[in-house]
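Shown next, in structure tokens, is the structure this report addresses.
The values are calculated or read from the model by the stated rules, or taken from the named source; none is laboratory data. All figures in this text were calculated on a predicted structure; none of them were measured in a lab. Every residue, glycine as well, gets a Cβ built from its backbone with ideal geometry; the counts of neighbours run over all protein chains shown. Please note that ligands, DNA and RNA were not included when accessible areas were found on the heavy atoms of the full protein model with its side chains. Shrake-Rupley method; radii C 1.70, N 1.55, O 1.52, S 1.80 Å.
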Amino acid sequence: MKKYLILICCAFSLTCISAQSELKGIPVSIAYLGQALIQPGVKISTEFNLKKFTQPANTGRSKNVYISPQIGFFTRPGIQNNLLVNTEIGIRRRNNENGFFTAFSLGAGYLREYQILSTSINLGDGKISSKNMEGRGFFLPSLNLEFGKSLNNSMDWYSKGSFGKKINASKQETTLAFIELGLRFWFGIR
Amino acid sequence: MTRKDFLNNIITLGAGAPFMATLFASCRSENIFFEDIKPNFKGKVLVIGAGAAGMIAGHILRKQNIDFEILEASSVYGGRMKKLEGFADFPIDLGAEWIHTDPSILAKLLDEPDKEVEVEIINYNPQTIYFWKKDKLRKRNFYSNFYSEYKFKSTTWFDFFEQHIVPGIQDKITYNSPVREINYAGEKVQVRNINNDVFEADRVLVTVPISILQQNFIDFQPALPNEKIEALGDVYMPPIFKVFIEFSERFYPDVIHLGGLGEFLGSEDSNLFYDVAFRKDSSRNILGLFTIGERAAQYASMNSEGEIIKSIMADLDKMYDGKATKTYIKHYVQDWNKEPYIQGSYSHYQSNFNRNIEILRAPLNNKVYFAGEALTLDSDTATVHGAGESSYEVLREMLKN
């Protein structure tokens, strides 16, 4: 699992550095992250433009390839907490006339899951006095589909659906389904 | 989260559920039945049945310094809680097994704030889940995101009562005393058992399984109102089997549900194989079969335990290419349908859920009261804590005057 983590970190750093030459504006996104509908969380991400495709001027459309490093947290209260470090590479099509955009991306991430295996309950007050936890690492590849709209020159809202599989050599893989609702703030010229 | 909770959440909340997760967690610990009981009653209470509801009732009455006696039909306390020792390196719940709510309920049931005892509880959220449908095993680990309950780690539900409730009420339990008649026509209630022993009390709390009431095992004088009899007809206690098999090798996942998602969500029957040793820190491979309803009825119709095990092993061999038979060590079958004072699993309401519970709980002449797993409002029916909850609710009413 450490191999996955190192791989993801390297990909994360190298692609960010290589993206600097194309950088015009850096967005920061903050989103509500929900796994399987009932596991709430939060995700913060940024994005670097890798390539912008030129479109005929009269179409009012643009397209770009981007890389997005992300960090997220989601929880299943009382059962498990999850930390996610993820990178997505995607393509976004934007309609510059009405501001709507869609994006499709592929992700590769490292998911650290802290599972509460058992607890000790005090029979006087019913409170948990100690927890027995286990941390497990998973590789998390994902497919993502995003839809959103620019609200103005410096802010977008977006919603994103993602399917991924958490994979660990010694555990069975499990499908994860995320919903993300967020705002993306652009700093600099877009 | 129980299957019923899961279904309710999905139906009622839909996409709004992500924002409600923490709210669910906080709501669970709210239980109105733990309001202080303020007794204004000085007589004697006779409790019929020493299952969860009966023992919690005794516990409350003892703490309130009210004279009481518990009549138990069988030779042991526990009702549908029973444990198997020596089969594995941990005790096995032969009856009630899961804690279907926040485990802080245990402290609430005891209601002894100064108690300095701890109990270890497993977070029971299976990680590997398979469905067995049309002779195919299908991996459905995604459902592990929705299902979670609790279990005792190195003890059982039976141990919880034995260690924390029974010591205070033990000398008040009369065993081998199945009640035949409850006469509430006079000023005092007279209770007669099958040995013709007569017990007298000011109030009676009946906590026997609903199946016992349905079979008119107890003769009420005057007879039960028609409304109550009709409500009894709307409840049923389907047959149940619990089977435990030890294997030399673990070839099975945490849970195998027998059927598809439709049966899982839509059927009242429950049929699953499960890893009994899940998070028990055990080196043994114990697979359990929990079956309620049609499949259990099929097992019940078989001629012998051997035939039942043969049928179960054939199913497992089909799933795992003969591995079950190759690695089989031993088994234990718990047939609750043959327990003379239980005769089934737990309550399933066919219609008018809340209305029927209100009717069934209604006291007779303010003298005979009813409690038990079948008589708890909200979603706590068919659970041990629900049985205890019903005792708190009913005793609060009973002891008012």
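Shown here for the stretch B:79-127: GluC sites (Glu not before Pro) in loop regions (DSSP other than H, G, I, E, B) with at most 15 other Cβ atoms within 10 Å, namely B:Glu85, B:Glu116. Given R0 = 41 Å, the distance between the Cβ atoms of B:Ser379 and B:Lys172 translates into a calculated FRET efficiency of 0.85. Kirkwood's formula applied to the C-alpha pairs of the stretch B:121-254 gives a hydrodynamic radius of 20.1 angstrom.
Please give the contour-minus-distance gain from A:Glu97 to A:Ser129: 0.36 nm per residue of separation, less the Cα-Cα distance, rounded to one decimal in nm.
Numbers: separation 32, 0.36 × 32 = 11.52 nm, distance 5.83 nm.
This chain segment gains 5.7 nm when fully extended.
Putting +1 on Lys and Arg Cβ atoms and -1 on Asp and Glu Cβ atoms, find which of A:Ile44, A:Trp157, A:Phe187 reaches farthest to the positive end of the dipole of chain A. Result: A:Phe187, furthest along the dipole toward the positive end. Net charge dipole, the protein assembly as shown: roughly 3120 debye, given to the nearest 20, about the Cα centre with Cβ charges of +1 for Lys and Arg and -1 for Asp and Glu.
Compared with its chain on its own, the stretch A:155-190 contains the following residues whose accessible area drops by 30 Å² or more in the full protein assembly (probe 1.4 Å; ligands, DNA and RNA excluded): A:Gln172, A:Glu173, A:Thr174, A:Thr175.
When A and B come together, around 3000 square angstrom of accessible surface is lost from both chains combined, probe 1.4 Å. In the stretch A:26-99, a dipole from Cβ-located charges (positive for Lys and Arg, negative for Asp and Glu) runs towards its positive end, and of A:Ile30, A:Asn58, A:Ser68 it is A:Asn58 whose Cα lies farthest in that direction. Modelled label positions at B:Gln298 and B:Leu265, each set 7 Å beyond Cα in the direction of Cβ, lie 2.5 nm from each other. For the pair the stretch B:324-401 and the stretch B:127-197, the centres of their Cα atoms are 8 angstrom apart. Spin-label model, A:Leu181/B:Tyr328: points 7 Å from Cα along the beta carbon direction are separated by 5.4 nm. The modelled label-to-label distance between B:Gln163 and B:Glu339, using points 7 Å beyond Cα along the C-beta direction, is 2.1 nm.
What does the accessible area per residue of the protein assembly as shown come to in Å², with a 1.4 Å probe and no ligands, DNA or RNA counted? Write down the numbers at each step before the final one.
Numbers: 25780 Å² over 591 residues.
That works out to 44 Å² for each residue.
Interface residues of the stretch A:121-145, defined as those losing at least 10 Å² of solvent-accessible heavy-atom surface relative to the isolated chain (probe radius 1.4 Å), are listed as A:Ile121, A:Asn122, A:Leu123, A:Gly124, A:Gly126, A:Ser129, A:Asn132, A:Arg136.
Within the protein assembly as shown, what whole-number % of the accessible surface is contributed by carbon and sulfur, with the 1.4 Å probe and all protein chains included in the calculation? Carbon-and-sulfur percentage of accessible area, whole number: 54.
Annotation for the stretch B:33-88 versus the stretch A:71-132: alpha-carbon center distance of 45 Å.
Here chain A is treated with +1 on each Lys and Arg Cβ and -1 on each Asp and Glu Cβ, and its dipole about the Cα centre works out to around 300 debye.
Go through B:Lys38/B:Lys82; B:Lys115/B:Lys172; B:Lys242/B:Lys323; B:Lys44/B:Lys228 and tell me which ones have a Cα-Cα distance over 27 Å in this structure.
B:Lys38/B:Lys82
Considering the dipole of chain B built from charges on the beta carbon (Lys and Arg +1, Asp and Glu -1) around the Cα centre, which of B:Thr383, B:Leu289, B:Ala362 is farthest to its positive end? Result: B:Leu289. Taken residue by residue and averaged, Cβ atoms of other chains lying within 10 Å of the Cβ of A:33-41 number 6.
In the stretch B:114-133, burial by the other protein chains removes 10 Å² or more of accessible area from B:Lys115, B:Glu116, B:Val117, B:Glu118, B:Val119, B:Glu120, B:Ile121, B:Asn123, B:Asn125, B:Gln127, B:Thr128, B:Tyr130, compared with the chain on its own (1.4 Å probe, ligands and nucleic acids ignored).
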